[in-house]
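Written below as C-alpha cells is the structure these notes are about.
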Amino acid sequence: MIKRPAPHPQRYGWLIPLLLTLLLVSQCTPVTPPVTPDVVAESLRAAADYSAAGEYTVAETTYRAAIQTAPGDPQPILELARLYLLWQRPQAGLAALDDAIRQGASAHEHADLRLELLAQAGDWPQVAHQATERLHAYPNDAIALKLLTAAYLQDYQCIAATTVARRWHEAAPDDRDAALTWGLLAPDALLLCEIDARLRETALCAETNGEADPDIELAAALIRSGNWPLAACVLTRAATSSAATAETHAWLGEALTRLGRLAEAEEHLVTATTLAPEMPLGWLLLGTYYLGQQQTNAARESLLRARALDPHNPAPCLALAEATAQAGRYDEVDVWVAAALDSAPTDADIAKAAARFSLERHLIHAEYPFRAIQSAIQLAPDDGEAHLLLGQFRLMTGDPRAAVGALDTAIELAPTLGAAHYYRGLALQAVGRSNDAQQAFIRAADLGYRP
C-alpha cells in the first residue's frame, strides 16, 4: 500500500479560514425572502386607499415604504408623483417623477403628468415649451392643448391662446372647459349660450340690439370665479371697442396687475381715472396697485380720493390701513380699521378682513383685533374662520387653553379648514398635549396648509 504524503500546510492554509467564514456567514446571516409583486401591489393599494380618504401623509409614508421594498421598480415612485399632484405639492411631484425616470420609467409616456405638475407649480414657460414639443408628436393631445392654452393666457398672448383653444375644442369636443374657453376667446355667443345656463339671461344671449357690451358681463363672471388670465383677454377685446368705458379699463388694469404686466396695468388704471375721475372704482384699484409697488404716497392719495367719492365703502378704509402701516404710522392704523368696521357694521367678511389685517401684522392693541373678531362671531356664529381668528388671537396673547377651545369650535364648524388644525396643533403643544398636537399638524398637512 502506497502511503500518500500529508498535504503541505502552506499549500492549503487559505482554505480553512475561507471555509470557516462561509460557515459563519451561513449560520449568522438570515435568508431574506424575495420580494413578490403581491407585496408591492398590496402596498400600492393601501396607499391609494389612504389617498382617496384624504390621508395624504399616511399615503406618502406607505408609498415610500413600497419604494424601499422594491428599490428598482419605478411604479411606486410614479404613484408617489401622482399623489403629490393631487396634494398640490408640484415640486415634490417633479422630483419624484425624475426619480422614476431614472429608475426606468418612460419620460415619453408620462409627459402629461410632467405638464400638469409644471402647470401646478406655475412654471408657465416650461409648460409652453414642453407642451409645444408634445404637440409636434401628438397634435391632438388634449392635455397638452389645454395647458398650452393656459400658458399663453398666463403670458397675456390672447391671439396665440385663441388659436390653441380652437384646436383644443376640436380635439375634445365634449370637454366643457374647452368649449367655454374657445367660446370666450372666439367669441362664439351661440356656443356659450348653449353650454352655460348662467349666461342665458345675460346681455350675451338676450336680444339687446347692441345696447350692452356682453364682454363686460363675461369678464365680470370670470373675475368672480378668479379667472384673471381669461378675463384679461375678454377685457382687452372690450377695451378696443368704441363703447369701452372707464370701468373696462379699470378692471383690465387689475387683471394685468394679477398677471404681472405692471406697466400696461398702470396705463389702463390711469386711463380709467382720467376718463371718469368721479368713479371711485378707478381710484381704489389704482391705489391698491400703488400699494403693491410700495409707492405709499401715491397709494394714499388715490385711496383718499376713492374714500371721498364713496364714503360708505369699507374697501378704501382697509386699503388705507395697509398704506398707513406701510408708511410705519402704526398709531394711525386703528383709525382706518375702525372706519372700515363702521362702514359695514353688518358684514362679517369685512370684520374678518379687519381681524386678519391686525393678526397678520401682530398689531395687538386695547381694542383691535378683538373688536373685529367679536363682531365677526356675532354676525356669523357658524363661520369656522371667525372662530379660527379668535383662536389665533388667544394663542398670540398667551392663552393657549382658550385657544384650544376656540379652535375646537372652528374645526367642528369647518372640518377642512387646514389653518385651524395647524393653530390647534400649536395650542395643544403649548398646553403639553404633544401627541394630539402631532395629529393636528398631520391633519393640517393633509388639508394642504403649509405655513
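The values are calculated or read from the model by the stated rules, or taken from the named source; none is laboratory data. The shown structure was predicted, so the numbers you read here are calculated from the model rather than taken from an experiment. In this analysis, Cβ positions are derived from the backbone assuming ideal geometry, glycine residues included, and neighbour counts consider all displayed protein chains. Note: areas computed on protein heavy atoms with side chains; ligands, DNA, RNA excluded. Shrake-Rupley method; radii C 1.70, N 1.55, O 1.52, S 1.80 Å.
Put Tyr289, Tyr50 in order of accessible area, highest first, and with a 1.4 Å probe you get Tyr50, Tyr289. By the gyration tensor of its Cα atoms, with a ≥ b ≥ c the square roots of the eigenvalues, what is the shape of the range 43-161: rounded for a/c under 1.5, prolate for a/b over b/c, or oblate? The shape class here is prolate. Projecting the Cα atoms of Leu284, Ser106, Thr149 onto the dipole axis of the chain, where Lys and Arg carry +1 and Asp and Glu carry -1 at the beta carbon, places Ser106 farthest toward the positive end. Take the Cβ atoms of Ala137 and Gln293, set R0 to 45 Å, and the FRET efficiency comes out at 0.55.
The Cα trace of the chain gives Rg and Dmax of 30.9, 129 Å, the first to one decimal, the second as a whole number.
The mean sequence separation of alpha-carbon pairs under 8 Å and at least six residues apart, normalised by the residue count of the range 248-407, gives a relative contact order of 12 percent. The C-alpha atoms of the chain define a longest principal axis, and helix 56-69 lies at about 30 degrees to it.
To the nearest 10, the accessible area of Trp336 is 40 Å² with a 1.4 Å probe.
The fraction of accessible area contributed by carbon and sulfur in the range 38-120 is 49 percent, rounded to a whole number (1.4 Å probe; ligands and nucleic acids excluded). Once all protein chains are placed together, Arg176 keeps about 110 Å² accessible to a 1.4 angstrom probe. With an a/c value of 1.5 or above and a/b larger than b/c for the gyration tensor axes a ≥ b ≥ c computed over the alpha-carbon atoms, the range 329-451 is described as prolate.
Taken over the Cα atoms of the range 266-348, the convex hull encloses 82 Å³ per residue.
Each other residue within a Cβ distance under 10 Å of Leu379 adds +1 if Lys or Arg and -1 if Asp or Glu, for a net charge of -2. Along the axis of the charge dipole computed for the range 295-416 (Cβ charges of +1 for Lys and Arg, -1 for Asp and Glu, origin at the Cα centre), the listed residues Gln374, Ala315, Val333 are led at the positive end by Val333. Using a/c under 1.5 as the rounded threshold, could you call the range 128-283 rounded, prolate or oblate? The axes a ≥ b ≥ c are square roots of the C-alpha gyration tensor eigenvalues, and prolate needs a/b larger than b/c, oblate otherwise. Verdict is oblate for the range 128-283. Spin-label model, Gln374 to Gln68: label points 7 Å out along the Cα-to-beta-carbon direction sit 5.3 nm apart. What does the charge dipole of the range 113-178 about its Cα centre add up to, to the nearest 20 debye, if the Cβ of each Lys and Arg holds +1 and the Cβ of each Asp and Glu holds -1? That gives the range 113-178 a dipole magnitude of about 80 debye. Based on C-alpha pairs under 8 angstrom that are at least 6 apart in sequence, the chain has a relative contact order of 6 percent. The magnitude of the dipole of the range 75-149, with charges of +1 and -1 set on the Cβ of Lys/Arg and Asp/Glu and taken from the Cα centre, is near 100 debye.
Taking all protein chains together, Tyr138, Tyr423 sort by accessible area into Tyr138, Tyr423, largest first [probe 1.4 Å].
What you get for the range 373-451, charging only the Cβ of Lys and Arg (+1) and of Asp and Glu (-1), is a dipole of about 280 debye around the Cα centre. Computed over protein heavy atoms with a 1.4 angstrom probe, the accessible surface ordering of Thr248, Thr296, Thr163, Thr240, largest first, is Thr240, Thr163, Thr296, Thr248.
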